[in-house]
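The values are calculated or read from the model by the stated rules, or taken from the named source; none is laboratory data. Note that the structure is a prediction, hence the values are computed from the model and not measured. Quick reminder, even Gly has a Cβ in these numbers, built from the backbone with ideal geometry, and neighbours come from all protein chains shown. Ligands, DNA and RNA are excluded from the accessible area calculation, which covers all protein heavy atoms including side chains. Shrake-Rupley method; radii C 1.70, N 1.55, O 1.52, S 1.80 Å.
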Amino acid sequence: MIGAFSGFLRLLVGSARDLLPIVLTVAFFQIVVLQQPFPNLGEVFVGVIFVVVGLTLFIQGLEMGLFPLGDDMAEAFARKGSLLALLSFAFCLGFGTTVAEPSLIAVSAEAAKVAAEAGVILSTVEARQSYADNLRLVVALSVGLALVVGVFRILKGWPIHYLIIGGYLLVIAITPLAPEEIIGIAYDAGGVTTSTITVPLVTALGVGLAQTIRGRNPMTDGFGLIAFASLTPMIFVMIFGILV
């Protein structure tokens, strides 16, 4: 009990240390540059405490639950020897984690709002909701496909840089063809898909798979799935903009 509390306390101190640069930056510009007191200082302080505790619990949860779970499932699918089952799991994992990603939900809703204000879609609740939902589905499908390609790369031992370079060349080729209104959204979609829910499970899948398959190195083969998950949404969202 004492050991567990001591470990949690160390994580708490570590989280506070990680957030300290952000707090110092905000405080410097608020007090020195803007020369204004903090509004609702008490609430800000309590909010910072909540962030530190929440970040600590999140990291602890990853170490206790998601990372071991991802490793175990990757190992189980690899031992099962079914390529179809493994690729299906990778697709479902990518799709499910992405469609539930809070940052993607927020960006999709904001994109729908701006699209309605710009006259790209009708300014109705139904039109905005449909636009946001379709955007989320397109991004989720792209991440699911990205994990399929990434897992297949691990199985075959293909060099990752060739696939990544080819993908970004495709992004450059599609960009001039896409509507101007969708390009920024597409580029942002590549970032919001790799957040709190997606990254831990996807990373655990790649590393666990590379550790299980003979001849694969977790350092060189296990990582890189996040790169695919960041790349494919840009391509799919721009194609979505061209078609829709």
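Does Thr212 satisfy the condition of being closer than 24 Å to Gly61 by Cα, among the polar types (S, T, N, Q) and in contact (Cβ under 8 Å) with a residue 60 or more places away in the chain? The answer is yes for Thr212.
Taking region 82-191 as the region of interest, the helices (runs of 4 or more DSSP H) fully inside it that hold 2 or more residues being within 17 Å of Gly241 (Cβ to Cβ) and among the aliphatic types (A, V, I, L, M) are 102-117, 125-156, 160-174.
Evaluate region 104-121: report whether one residue or more is buried (at least 17 other Cβ atoms within 10 Å of the Cβ) and polar (S, T, N, Q). Yes. If I filter region 74-88 down to residues being open to solvent by 40 Å² or more (accessible area, probe 1.4 Å) and within 18 Å of Leu141 (Cα to Cα), which single residue comes out as modelled with the lowest pLDDT? Per the criteria, the residue is Leu84.
Looking only at residues of region 204-223 that are open to solvent by 30 Å² or more (accessible area, probe 1.4 Å) and in a helix (DSSP H, G or I), we find that the one that is nearest to Phe236 (Cα to Cα) is Thr220.
Give me the pairs, please: first residue somewhere in region 96-113 and among the charged types (D, E, K, R), second residue anywhere and outside any helix (DSSP H, G or I), beta-carbon distance under 9 Å, and either six or more positions apart or on two chains. Listed by first residue and then by second, the contacts come to Glu101/Thr193; Glu101/Thr194; Glu101/Ser195; Glu101/Thr196; Glu101/Ile197.
Take the conditions (1) open to solvent by less than 60 Å² (accessible area, probe 1.4 Å); (2) farther than 28 Å from Thr220 by Cα; (3) under 19 Å from the mean Cα position of the chain (by Cα); Ile59 misses just one of them, which is (2).
One residue stands out in region 142-174 among those that are more than 22 Å from the chain's Cα centre (by Cα) and in contact (Cβ under 8 Å) with a residue 12 or more places away in the chain: the one that is nearest to Val107 (Cα to Cα), namely Ile174.
Just one of (1) out of contact with any Leu (no Cβ under 6 Å at 6 or more places or on another chain); (2) over 22 Å from Glu180 (Cα atoms); (3) surrounded by 22 or more Cβ atoms within 10 Å (Cβ to Cβ) fails for Gly94. It is (1).
Whether a residue is of a type in the set (A, V, I, L, M), surrounded by 13 or more Cβ atoms within 10 Å (Cβ to Cβ) and more than 28 Å from Pro200 (Cα to Cα) was assessed, and Val32 does not pass this test.
Matching residues to (1) farther than 24 Å from Met238 by Cβ; (2) out of contact with any Pro (no Cβ under 7 Å at 6 or more places or on another chain); (3) open to solvent by 50 Å² or more (accessible area, probe 1.4 Å); (4) not aliphatic (A, V, I, L, M):
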{"position": "Ala132", "(1), (2), (3), (4)": "no, yes, no, no"}
{"position": "Leu147", "(1), (2), (3), (4)": "no, yes, no, no"}
{"position": "Val151", "(1), (2), (3), (4)": "yes, yes, no, no"}
{"position": "Ala173", "(1), (2), (3), (4)": "no, yes, yes, no"}
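Check region 10-28 and report whether any residue there is at pLDDT below 85, out of contact with any strand residue (DSSP E or B) (no Cβ under 6 Å at 6 or more places or on another chain), charged (D, E, K, R) and open to solvent by less than 100 Å² (accessible area, probe 1.4 Å). Looking for residues that are at pLDDT below 85, out of contact with any strand residue (DSSP E or B) (no Cβ under 6 Å at 6 or more places or on another chain), charged (D, E, K, R) and open to solvent by less than 100 Å² (accessible area, probe 1.4 Å), one finds at least one in region 10-28, hence yes.
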